[in-house]
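S.K.: Quick one: structure below, then a few questions.
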Amino acid sequence: MQRALSVVSLLVVSSLPALAQVSVWTQRYDNLRTGANMNETVLTTANVNSLTFGKLFSMPVDGFVFAQPLLMPNVAVLGATKHDVLYVATAHDSVYGFDADTGARLLYASLGTFVPSTVIGTSNIRDAVGIIGSPVIDQSTNTLYVVTKTYEKDEQIFRVHALDITSLKERAYSPKVVTASVRGMGVENNGYGTVMFEAAQENQRPALTLVDGVVYIAFASHDDSNPYHGWVLAYNKTNLSQIAAFNDSPNSSEGGIWMSGQGLVVDAANNVYLMTGNTTPDSDYYPSDLGESFVKLTLSGGTLAAADYFRPNNYDYLNSIDGDLGSGGPVGIPGTPYVVGGGKQGIFYLVDTTNMGKLNLQADRCRQEFQADHGLFGSPAFWNNATTPMLFSWGRGAALTGYAYSYSRGLFNTVPALVSAQETLSNWDSSASVSVSSNGSKSGSGIVWATMPLGEPGDNTVPGRLYAFNATSLKELFDSDQVKSRDDYGNYAKFVAPVVANGKVYVSTDSNAVCAYGLFPRQSKL
Amino acid sequence: MTNDAYSERPPLKLRMLVLCVAWTLVFAGCSVGYQSDKASAVLPAALQRTPQFNVIDIGPLPMLADDVAIRLNGSGAAALWTKSGVITMHAALWADHRLKDLGGGPRGFTTSVAHGINDRGEIAGWVTTSQNAVDSRATVRAFVWSKGRFKVLATLGGASCRALGIGRDGTVVGVSAVKNGLQHGFTCDGKSMTDLGTLPSGEYSIAFAINDAGHVVGAASIDASTKHATEWTAGKIADLGTLPGGFNSSARAINDHDKIVGFSETPDGYHAFLWDKGKMTDIGTLGADPSEASGINDLDEVVGGSSINSTQRHAFMWRDGKMTDLNLLIPDDGWKLINAYDVNNKGEIVCMGRRPNQPDHALLLEPLQTTP
């Protein structure tokens, strides 16, 4: 029996009564990583324009913001007044709580001393490496989980933290130092068949994923600097004890899991899905080694293991051009057993999670593949509106593009349904980061939001621009350069899409701030 | 790369001599070659530009996934692809300083992509029934474009077929599905398709290029997950193996001296290789893996692309044991050469490059005239 990817995680949003405040408890809004908030009742195609919409305030922080901000409504801050709180984690290992409506700082926690980027020798993440992966919030216990990387006596240490969202204080069982090992003879093995987790070599890049009482934490490398592995660690949310560890290259190396910061996708049976990066030669002879692949992981009896995978048959070519499949993350198609995703090559693969297709040199056995983009970093957004479900993608050197999905055929139309007039730059990783908001399928409510780098962000800090487009036409509604003196947000934060909730749009930056956009207060009549 | 049947040019030997002298001067004048070094994230400051090529802008090169390559013939004509409409690609011919859109193919097809050209100006590639050049559900057929007309080739009995190279006499090589759904390399002499078969232990093969002697190179599987570079001579397949420590390799081009280039795994990642007389040689990287070699001419000059760090790739030229960043050999007018696809016997190189924040362009590098 086919098991559809459910939108259970979306129920937090979609089951709320009208006008209830939306929570953003995980990266991309839900565990299918749709990137769509379909309960936005304030912002519409009619009122998002530079006359009525723009930057309202900035929330200063102490570092770059690679993690997507999260938002919880009605939080009793320090046990007192309730606020809608925006949680911001920085590469300086700080977590902030801001009033989401005013920008007032309510909460702050310093979780350690970050690792200077120069110590790691990374140019991909400039300045500091502290909190890079997006946190996740358990709404049932008001707990925010986050992973820090700290520098202590010349040692790099990862810790997983559980913070009370009302105070940002550590829970009693928090934090825990991240360690791990798996059986294998790959790099970093101890000579006795055990591969050790080496914190100095790893980068906690993907967003944390919470499902069924388990927090999943995934890792890749810094700048492909060997040796490293792709790791996924599973922690019990109630006590932060490690349940299981998975390594995607235990007998070889590499296979980084970075997905430009996206979290894992979760299906109705709590299997998790991810995409991996370049692999190494030794992996070819070990079925357990899964670089350049979509991977399905199942947690059972304290073991986290690959249950299935799909690897494009040109994976050797991808390896030869540093063509990471896993520069993007998968997106689950709600109500189907399919995930879609693509990487640096820009080909999107629609993969059936009930039979992913593995590797077949003759011809890929995925459900569908097509050129949908020109090198994707981050993930597309899926707008599951009643009229025309649409996948929005904005790769490098390309226009923002909408591909229609047919539920009856279970396929995408490979000819774009919508194309914007604006294009990204052609630089290596200059793809834009997109999200969608709408009020269900209500006409005039669908908006595609995007942050775009205005330079090559790979090794540089470059300015960014916020865009809003009508989701049914991709005609521009707004951009932050129209009234630049008012709306400019500073430097682009790599691969962090705008967060839309409750009439506001939050934009992460590499300018030590998160900026909030929204409708201007109405002018009172004289 | 194909041969040099260009009558108005000096004899090949003379041209080879001139180019040899030019390259000797290049390498004597500056130590521009550098080998794999993980720590090398930028070009060493000591490496100065010594322009050896003029850069000719062929035009925007629409980004296209899959194993695409711009190919060059002996007279400097290039086969590539151009955009038609929003996403549709058309095969294109660059010749006489003009880019010609060849159209989407014969009736029933909408997209065409070129992948090979010979000295007669005949172009090989594939056409599809989808407006999207990469569409797993479209019908794909190999084509030859000659004298202004597309000719669609048959298949080896399966549903799809792609031409990837074309020889001096018009023999086409590529990959086709066979009746049982497997993919095999093929040659086509214009009349019939010949199945090139596979290695004894494998079921898959693909042919990328053919030289004047009719020797074909490509790759073939040795098991369900591993491919090796291969050469077919007189219909017999030979496994070229891999670089030490590697399991996968692929051959992409062959010159008329039977020297073969491509890429192979190594313990450090994928490296470009040169295969000659039974030996596969690692020709290194521009500072970081991976690297791949895409073209070779009869002067044994090799071109390709290599990472220089974790986020940037540069085009390279390899000769006499040294790999050179081609960016050091062009004027500093803003172009950054990302990948070199092919080189002909005149020393012309076809590349993909871009200027900051600009779209990718196809570029032809013409050797600067040297004063006698």
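S.K.: Does segment B:150-157 contain any residue that is within 13 Å of another protein chain (Cβ to nearest Cβ), outside any strand (DSSP E or B) and farther than 25 Å from residue B:78 by Cα?
M.R.: Taking segment B:150-157 as the starting set, the residues that turn out to be within 13 Å of another protein chain (Cβ to nearest Cβ) are B:156.
Remaining after also requiring outside any strand (DSSP E or B): none.
Scanning segment B:150-157, I find no residue that is within 13 Å of another protein chain (Cβ to nearest Cβ), outside any strand (DSSP E or B) and farther than 25 Å from residue B:78 by Cα, so the answer is no.
S.K.: Where residues in segment A:513-526 are without any contact (Cβ under 8 Å) to a residue 40 or more places away in the chain and not small (Gly, Ala, Ser), which of them is nearest to residue A:133 (Cα to Cα)? Steps first, please.
M.R.: Kept after step one, since they are without any contact (Cβ under 8 Å) to a residue 40 or more places away in the chain, are these residues of segment A:513-526: A:521-526.
Checking which are not small (Gly, Ala, Ser) leaves us with A:521-523, A:525-526.
On the way: A:521: 34, A:522: 38, A:523: 40, A:525: 47, A:526: 49 Å.
That would be A:521.
S.K.: Output the residues belonging to segment B:170-190 that are away from chain A (no Cβ under 14 Å), in a loop (DSSP other than H, G, I, E, B) and without any contact (Cβ under 8 Å) to a residue 40 or more places away in the chain. Explain how you work it out, then say what you get.
M.R.: Taking segment B:170-190 first, the residues away from chain A (no Cβ under 14 Å) are B:170-174, B:186-190.
Applying the additional criterion that residues be in a loop (DSSP other than H, G, I, E, B) yields B:170-171, B:189-190.
Across segment B:170-190, the qualifying residue is only B:189.
S.K.: Hey, another quick one. What single numbered condition from (1) within 13 Å of another protein chain (Cβ to nearest Cβ); (2) part of a strand (DSSP E or B); (3) under 19 Å from the mean Cα position of the chain (by Cα); (4) not β-branched (Val, Ile, Thr) fails to hold for residue B:63?
M.R.: Checking residue B:63 against (1) within 13 Å of another protein chain (Cβ to nearest Cβ); (2) part of a strand (DSSP E or B); (3) under 19 Å from the mean Cα position of the chain (by Cα); (4) not β-branched (Val, Ile, Thr), the one that fails is (2).
S.K.: Of all residues in segment B:295-313, how many are at pLDDT 95 or above, surrounded by fewer than 24 Cβ atoms within 10 Å (Cβ to Cβ) and either assigned to a strand (DSSP E or B) or polar (S, T, N, Q) (or both)?
M.R.: Within segment B:295-313, residues that are at pLDDT 95 or above, surrounded by fewer than 24 Cβ atoms within 10 Å (Cβ to Cβ) and either assigned to a strand (DSSP E or B) or polar (S, T, N, Q) (or both) number 0.
S.K.: Let me ask something additional. State the number of residues belonging to segment B:336-352 that are touching a residue at least 60 places away in the same chain (Cβ under 8 Å) and within 13 Å of another protein chain (Cβ to nearest Cβ).
M.R.: The number of residues fulfilling the criteria is 2.
S.K.: Identify the residue in segment A:162-197 that is part of a loop (DSSP other than H, G, I, E, B), modelled with pLDDT of 95 or more and aliphatic (A, V, I, L, M) and, among all such residues, is surrounded by the fewest Cβ atoms within 10 Å (Cβ to Cβ).
M.R.: Within segment A:162-197, the first condition is being part of a loop (DSSP other than H, G, I, E, B), and the residues that meet it are A:165-169, A:171-175, A:178-180, A:184-188, A:190-193, A:197.
Narrowing the set further to residues that are modelled with pLDDT of 95 or more leaves A:165-169, A:171-175, A:178-180, A:197.
Okay, now just the ones that are also aliphatic (A, V, I, L, M), so A:165, A:168, A:172, A:178, A:180.
Numbers: A:165: 25, A:168: 24, A:172: 8, A:178: 24, A:180: 22.
Per the stated criteria, the residue is A:172.
S.K.: Now for a separate question. Considering only segment A:414-423, state which residues are at the interface with chain B (Cβ under 10 Å from one of its Cβ atoms), outside any strand (DSSP E or B) and within 20 Å of residue A:470 (Cα to Cα).
M.R.: Passing the criteria: A:415, A:416.
S.K.: Kindly provide the set of residues from segment B:159-178 that are closer than 15 Å to residue B:141 by Cα and surrounded by fewer than 16 Cβ atoms within 10 Å (Cβ to Cβ), ordered by number.
M.R.: B:159
S.K.: Right, another one. Does segment B:232-246 hold any residues that are over 14 Å from residue B:278 (Cβ atoms), away from chain A (no Cβ under 14 Å), of a type outside the set (A, V, I, L, M) and surrounded by 13 or more Cβ atoms within 10 Å (Cβ to Cβ), and which are they?
M.R.: Scanning segment B:232-246 gives a single hit, B:232.
S.K.: Oh, and also: Take the conditions farther than 20 Å from residue B:261 by Cα, in contact with a helix residue (DSSP H, G or I) (Cβ under 7 Å, 6 or more places away or on another chain) and not aliphatic (A, V, I, L, M) and apply them to residue B:225. Does it pass? Show your work before the answer.
M.R.: Details: farther than 20 Å from residue B:261 by Cα: yes; in contact with a helix residue (DSSP H, G or I) (Cβ under 7 Å, 6 or more places away or on another chain): yes; not aliphatic (A, V, I, L, M): yes.
When the stated conditions are applied, residue B:225 passes them.
S.K.: Could you say whether any residue in segment A:500-512 is free of Cβ contacts under 8 Å to residues at least 24 places away in the same chain and part of a loop (DSSP other than H, G, I, E, B)? Give the derivation first.
M.R.: Going residue by residue through segment A:500-512, those that are free of Cβ contacts under 8 Å to residues at least 24 places away in the same chain are A:511.
Right, trim to part of a loop (DSSP other than H, G, I, E, B) and you get A:511.
There is at least one residue in segment A:500-512 that is free of Cβ contacts under 8 Å to residues at least 24 places away in the same chain and part of a loop (DSSP other than H, G, I, E, B).
S.K.: Now, a different point. With respect to residue A:320, is the statement that it is touching a helix residue (DSSP H, G or I) at 6+ places or on another chain (Cβ under 8 Å) and polar (S, T, N, Q) true?
M.R.: Numbers: touching a helix residue (DSSP H, G or I) at 6+ places or on another chain (Cβ under 8 Å): no; polar (S, T, N, Q): yes.
For residue A:320, the condition - touching a helix residue (DSSP H, G or I) at 6+ places or on another chain (Cβ under 8 Å) and polar (S, T, N, Q) - is not met.
S.K.: For segment A:437-448, state whether one or more residues are under 20 Å from residue A:42 (Cβ atoms), of a type outside the set (Gly, Ala, Ser) and in contact with a Gly (Cβ under 9 Å, 6 or more places away or on another chain). First the steps, then the outcome.
M.R.: Residues of segment A:437-448 under 20 Å from residue A:42 (Cβ atoms): A:437-448.
Now restrict to residues that are of a type outside the set (Gly, Ala, Ser): A:439, A:442, A:447-448.
Subset that is in contact with a Gly (Cβ under 9 Å, 6 or more places away or on another chain): A:439, A:448.
Within segment A:437-448, one or more residues are under 20 Å from residue A:42 (Cβ atoms), of a type outside the set (Gly, Ala, Ser) and in contact with a Gly (Cβ under 9 Å, 6 or more places away or on another chain).
S.K.: Among B:272, B:288, which is the only one that is in contact with a Pro (Cβ under 9 Å, 6 or more places away or on another chain), within 9 Å of chain A (Cβ to nearest Cβ) and in contact (Cβ under 8 Å) with a residue 24 or more places away in the chain?
M.R.: Details: B:288 fails: in contact with a Pro (Cβ under 9 Å, 6 or more places away or on another chain).
Residue meeting the stated conditions: B:272.
S.K.: Turning to a different aspect of this structure: Would a scan of segment B:246-264 turn up a residue that is out of contact with any strand residue (DSSP E or B) (no Cβ under 6 Å at 6 or more places or on another chain) and farther than 27 Å from residue B:118 by Cα?
M.R.: Initial filter on segment B:246-264 (out of contact with any strand residue (DSSP E or B) (no Cβ under 6 Å at 6 or more places or on another chain)): B:256-258.
Checking the rest, the ones that are also farther than 27 Å from residue B:118 by Cα come to none.
No: zero hits.
S.K.: Against the condition surrounded by fewer than 16 Cβ atoms within 10 Å (Cβ to Cβ) and more than 16 Å from residue B:278 (Cβ to Cβ), how does residue B:195 come out, does it pass?
M.R.: Working: surrounded by fewer than 16 Cβ atoms within 10 Å (Cβ to Cβ): yes; more than 16 Å from residue B:278 (Cβ to Cβ): yes.
In short, yes.
S.K.: Still on this structure, I have one more. Taking the criterion of being farther than 23 Å from residue B:153 by Cα and either of a type in the set (Ser, Thr, Tyr) or more than 9 Å from every other protein chain (Cβ to nearest Cβ) (or both), would at least one residue in segment B:215-222 satisfy it?
M.R.: Within segment B:215-222, the subset farther than 23 Å from residue B:153 by Cα is B:221-222.
Subset that is either of a type in the set (Ser, Thr, Tyr) or more than 9 Å from every other protein chain (Cβ to nearest Cβ) (or both): B:221-222.
Checked against the condition, which is being farther than 23 Å from residue B:153 by Cα and either of a type in the set (Ser, Thr, Tyr) or more than 9 Å from every other protein chain (Cβ to nearest Cβ) (or both), segment B:215-222 yields at least one hit.
S.K.: Go through segment B:78-92 and give me each residue that's surrounded by fewer than 21 Cβ atoms within 10 Å (Cβ to Cβ) and not basic (Lys, Arg).
M.R.: Those that are surrounded by fewer than 21 Cβ atoms within 10 Å (Cβ to Cβ) and not basic (Lys, Arg): B:84, B:85, B:86, B:88.
S.K.: Out of all the residues in segment B:66-85, which are in a loop (DSSP other than H, G, I, E, B), over 15 Å from the mean Cα position of the chain (by Cα) and within 14 Å of another protein chain (Cβ to nearest Cβ)?
M.R.: Of the residues in segment B:66-85, the ones in a loop (DSSP other than H, G, I, E, B) are B:66-70, B:73-77, B:85.
Adding the requirement that they be over 15 Å from the mean Cα position of the chain (by Cα) leaves B:75, B:85.
Across segment B:66-85, the qualifying residue is only B:85.
The values are calculated or read from the model by the stated rules, or taken from the named source; none is laboratory data. Quick caveat, the model's predicted, so the values are computed rather than measured. Cβ sites come from the backbone with ideal geometry, for glycine too, and all protein chains shown count toward neighbours.
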